[in-house]
Structure formats: structure tokens, C-alpha cells
1. For Ile407 and Arg90, FRET efficiency with R0 = 30 Å and r from the beta-carbon atoms, rounded to 0.05?
2. In square nanometres, what is one fourth of the surface area of the convex hull spanned by the alpha carbons of the chain?
3. Express the relative contact order of the range 70-213 as a whole percentage, based on alpha carbon pairs under 8 Å and six or more residues apart in sequence.
4. Sum up the lysine pairs in the chain that clear both bars: alpha-carbon distance under 26 Å and a spacing of 8 or more or different chains.
5. Just the C-alpha atoms of the range 311-428: what Rg/Rh do they give, with Rh taken as the Kirkwood radius?
6. Which percent, nearest 5, of DSSP beta bridges in the chain are antiparallel?
7. Taking θ as phi - 60°, what are the ³J(HN,Hα) couplings along the range 77-83 by the Karplus curve (6.51, -1.76, 1.60), each to the nearest whole Hz, with x for Gly and Pro?
8. So, counting K/R as plus one and D/E as minus one, what does the shell of residues with Cβ under 10 Å around Thr340 add up to?
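The values are calculated or read from the model by the stated rules, or taken from the named source; none is laboratory data. All values derive from a computational prediction rather than experimental measurement. We place every Cβ from the backbone using ideal geometry, glycine too, and count neighbours over all the protein chains shown. Please note that ligands, DNA and RNA were not included when accessible areas were found on the heavy atoms of the full protein model with its side chains. Shrake-Rupley method; radii C 1.70, N 1.55, O 1.52, S 1.80 Å.
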Amino acid sequence: MSLSKEGSSSDHESRALNGARITPIRRSGRRKLFIITGIAGAIVVVLALALGLGLGLGLKKKTSNMSYVTTNSSFLLDPSFVVTNATTTRYYEFVISEAVGSPDGAERTMLVVNNQFPGPIIEVNSGDELVVNVINQLPNGTTIHWHGQLQNGTNYMDGTSGITQCPIPPGMNYTYRFTINPNQYGTFWYHAHASTQYTDGIYGPFIIHSPNEPIFGQYDREALVILSDWYDVMSSGLLTQYLSSAGIDGSNYGGINPGAEPPPDSGLINGKMTGSSFDLEPNLRYRLRIINMGTLTEFMFSVDSHVLSVVEADGTSLVPVDVHRVPIHVAQRYSVILTTNQTAGSYNVRGEMQSSCYKLSNPNLNTMVLATMTYGASPTTPNTQDWSDAIPALCLDLNSTMIVPQIAMDPPNSTESVQVFMSFEQTVQSGGTQTLAFINSTSWLSDTTNPTLLQMSKAGIQTAFDSNQLVVVNDNITVFDLIVNNYDDSSHPFHLHGHIFWIIGEGDGSYISGVRDTLTLPGYGWVAIRFITDNPGLWAFHCHIGWHMAAGLLMQFADLPSKVQELQIPSYLSDQCTQQSGGIVAN
Ligand code: C2O
């Protein structure tokens, strides 16, 4: 075991312990209640309470003056949003704070954006400038990352703690300002990118419209389907256990198992375990934008009796393909077209959690998360049947032969390549062993006072990264092949910042043309991806399972160091790095 691994182990430990500090709830003197209009709504609530279903948010008795999480009444997109090539600047303000909520019926402290869960929707046109002033009212540092945004020329707006910025200190703000790539459109999301904070609720949808999107005009309405797994306690405490010698407290899960991820307590559709409803109109084509904002769980999504036509994967428009179920791993997005042309009534919407891929099982977890879709009738509890097709046992992506881009994008020939190996290893340190994640021999540890972007903006090609950073530097624009070998038995959803990539091959050696930003690396398998190193900055490539990234499963690509030195990094970025105190360890 090398010195650097030992060093990173103990740092991981102290980081986890720091992250677990108990902190007070910020009080706003207000409790928000959701408003239910109409007698039908009132009857539904009374029935739900009587049946003990619990509509989740807002219904539990709460004393006093804590802020209470609210949820949007509708996840239908506003059809009056003007989709246009004319660009504008759109402003948002995000207040990040602690609040109390009960998405699955169990009340807990959560981390939220503007007291909403999931967070507010960002809706823009391609080419728009976006300005989001993020105000941190948490007791710890935080950042917000815009998952899938290319950030060409604005690496310092990528929101990655320890890579593109320091955590925003408590009480301070960071203004994210960037231009949406004019050729990018589709379904995206945003989330905290500091330690496991997003697991506690800091996430929301980010939709880019464009009249140039090939599937534009092929649907009448749009709705969001946000899937997430959910824990009934703060992630910081679970992370401390996960990274400890003993592992997660096994008493609930049939024994001790060091290195096993904490299994979630529930699953949510649009922020609720039960009671989410899609109230649609008959005989329309709905574009459902499905986003997995979870931490560990792959979902299998379906709607009883309705065939889904898959038309988008991670911002790439696809040649439509009909399916009954869509597998969606952490951080991935799909759009499907659903036509409301069956018998009027209510249908089950299913997000089935693929718990067979957990290392620990949670006997109290209900893996079938249901919502109700209704059209042409008043909503009732559906008694519709699930599709009978078997569900695959491994947590893999939608068959890649189904991912055919509408606009052919043939990959150029590669000019450079590198091969890496990922694994989990027990590391020895004072006080016991710890299971950390490695890419080659590096377990990533975030430097929250000196992010790699700042280092490279000073030293350029000469930058000497510390032993906790695995950085592949490309000083020229190359067509780069990355081959990732998985020495672990589980599948891992890997995401690359700042680029889209072609999937060049995987496991069985097949050639695949798919283009996306998050793909699943099969257990004991391999994938090869290809991308162009033309975006100056430091870009994370990591497993999006929150626990794994916190255990170190991250490497970086540095494109064009000399151009990195020319980036116009705002002075508040480095100012905030000098304001990190020992107590603020956000990653
Ligand atoms: Cu969705 Cu590095 O993140």
C-alpha cells in the first residue's frame, strides 16, 4: 500500500466525520402547505388519510416555525413556453437550505432548493444565457452542477467541488452564468456536487428546448417523471458508516458488510412515495421526460397498458423505438412519447427499483413505486396490470442497438487512447481497514481549498497534481478513446463532464453508435468511449452512484492547459477558496 493511499484513507475518514456534524435547522418562521383546490381534491385527501396512504409532503402535523418542504402541484410543463431560436438571458435565484419534509411519510431534515423538493424547474432555449445566483444557507459548503451542460469556455461554472471551484461557504453566494450550447437540447438536471449532498434533496430538472430538436413538434404536451431513491436519514451519517472499517450498521440488513452501500428506505416519483398523479387529457401525445435523480438505484419505468416510444437519451434525439419498460440508471435521462388513447380511466405508473443490484437488501423497502395516470375520467386507485415481460436481473442500460441517433453522428477516428481499471480495495490505516474506490491506483479525494482548475490556471501544462488526483492531460485537440475496465461485480453508471461521448464498444465487443453523457459499465465488463478534447478545463469522469464517488471513484480530464490559463475565472471563485475553514469540509 502506497503512502498516498494511506493518506487518502485517513482523509476520507476525517472528511466523513466532519460531514456528519449535527447542525441546527434554519428557521424561516413559516411553514408552507400545499393547496388543494376543488372538492374532488379534498375527497381524495380525506380518503388517502383514511386509508393511511399518506400523501407525503405537507400533511404531517408539524409544530412551530421550521421551514417545511413543499412540492409542485404539477409536473406538467407549461405549454405556453415559447420554443424559439431567439435567445435571451434567464435569471434564477436558488436558496439552498435545510428544511423538514416527509417524501415517504417519515419526517426528516432535508437539503432543498427554494424550499421545494424536487427543486424548481429550469427551462431555457438552446443558446440562452443562464444566470443562477446560488445562495448557500446550509451550515456546510455546497456547489451546484448542471449535469450534461458542455460549459464551453466556462469550466469555472461547472460546479464541481474540488475540481472547478471550492464549496460555496455558508452564508455566501456564487453566481453561475453560462451560455447553453446552441446545438444542445433535451432533458438535463442539476444537483449539488459536494460530497453526498444531493442524496438529501438538492436536485431538480433542467430542460433545454429548441425548434431544431428533431423530435420537436411530434408531441402535444410534456410532463416530468423524476425518479429517485430515498433515505430516511441524512446521507452524511450513512457516508461515515459506509467509509468506516465496519461498514454500514448491518443490524437492519442481515449482518455486517464492509464496503456495501447503504440500501435506500424508499423510492419516489416526483418527490413522493405515494400520491403522485399525472392528470392528462385524452387523445394527446405526451412527451414524458424521465430523469433518475437517485443515488444508488436503477429504475425500470413503465405505464400499464401504454407502449412507450423512446425518442431521447441524455439529450440525443433517437430514432423512435417502442418498448414496454425503460431501464434508467442514476443520472440518465430518457424521453418517451405516450399517447392517451386507451380506455378513459386511471393507470399505474411504475418505477420499479432494481434492488437485486444492491449488496445489502432492505427488508422494509417497497421496490414498486407507484403513481397514477388518469385521463378522460376522475382519478381513482388504478387496478391495471403490469406488463408481463420479464425484467433482466443485471442493472444494465437500454439495449444499445435501440439507441440510434436521429442525426447521424459518426465518430471520427481516434488519435489517442488510454486504458484504466476501476476497483474497490480494502486499504489499511490506523484504526482498521476501509474500502475505497480506485481508478488505477488513485482514490480521488477532493481538494476543497485548491481545486484542480485553479492549480492549472496558474501552472498550465506544468501543474503537478497531488497523489489523490488522477488527471489525463491533453495539450492538443485529440479524438480520445477511453477504455474502462471494471474489476468489480456491480455495474456503474459513469458520467463525463463537459463532453458528450460516442459509445465505441462494450463487454461483448460490439460496435455501438450511441451518443450520450452517462452510460452503465457492466459488472466485470468494459466500455470504450470516444470524445474530443476541445473544451479547455478540468472535467470529472466518475461513477454517479453517490457513495462510490465519495469513496473516490473519479478521475479527471484536463483539456488544453494553455487555454485553461486564459479562462476568465471570476475572482469570487478564488476568494471563496481562501475562506474555507477547517470546519467546512463539503467533500
Ligand atoms: Cu451529475 Cu459529476 O455529475
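1. 0.70
2. Values: hull surface 99.9 nm².
That works out to 25.0 nm², a quarter of the Cα hull's surface.
3. 29 percent
4. So the count of such lysine pairs works out to 10.
5. 1.06
6. DSSP beta bridges in the chain are roughly 75 percent antiparallel.
7. Working through the residues one at a time gives 6, 6, x, 8, 4, 8, 8 Hz.
8. Values: positive: Arg221, Arg285; negative: Asp220, Glu281.
Taking every Cβ under 10 Å from that of Thr340, the sum is 0.
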